[in-house]
Amino acid sequence: MIRCLALFSLVAAATALPPRFVQDPAAAAPGAEHTQLTKLAGDWTVVTKFQFGPGGPAQEFQGKAHGKAILGGRFVQFDETAVEFGAAVERQKTWGFNKQSHKYEATWIYTGSTAVMQLVGEAQKDGKTIAGSASFAGDEGKAQDFTWTLAWIDDDHFSSTLVAPAHGKGQSATFHAVYTRATAK
């Protein structure tokens with residue numbers, strides 16, 4: 001009986017969806033941007049540099065990442081591990097391209113927080129860089145905002161940079177990660 005009610009609820013909810021939630025199959029199919037993102041699938045070593053304020057000393061952290069194409073090549077999911085500031089951390093990042101908005105979108109989560117960072121960016125004229133904004137809800141729901149770039153260096157290297165603005169002028173912190181494709185053994 002409970003299964004029947006659950007199935008009925010799902011069917012009723014699906015038929016009540018507004019038309020904008022039911023996409024044309026062609027509009028939902030992966031495109032060239034998705035093909036580019038799926039090139040990130042594979043195993044990577046990661047070197048992350050954290051710098052607090054311009055000119056401040058940089059701290060370097062080593063990590064590993066595994067990227068895989070998911071949901072029919074529409075997204076790439078990264079599972080990462082590292083040791084940062086003496087503590088083991090895990091991250092999960094999901095990258096995609098929204099064909100409706102013509103923007104790249106991502107979500108990042110990690111074991112150092114319960115927040116979900118949302119990233120939105122656009123391809124730049126050089127064809128190798130995505131630039132945009134990132135944010136998560138911090139203390140008392142206040143938005144913590146960053147600028148963000150993803151740069152394809154070549155088939156075996158890419159980088160991701162987050163910059164937190166200072167309260168006033170300049171920047172307060174920079175996180176720059178360089179990904180190098182792990183060699184096959």
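Here, each number is a calculation from the coordinates, and none is a lab measurement. None of these values were measured; they are calculated from a predicted model. Note that we place each Cβ from the backbone using ideal geometry, even for glycine, and neighbour counts take in every protein chain shown.
Here region 31-181 is treated as a sphere whose radius is the Kirkwood value from Cα pairs; by Stokes-Einstein at 20 °C and 1.002 mPa s it diffuses with a coefficient of 134 µm²/s.
For S113 and H157, FRET efficiency with R0 = 30 Å and r from the beta-carbon atoms, rounded to 0.05? Efficiency, rounded to the nearest 0.05: 0.65.
In this calculation the C-beta distance from V83 to A29 is compared with R0 = 35 Å, giving a FRET efficiency of 0.30. Given the C-alpha centroids of region 117-131 and region 31-101, what is the distance between them in whole angstrom? Answer, in whole Å: 14.
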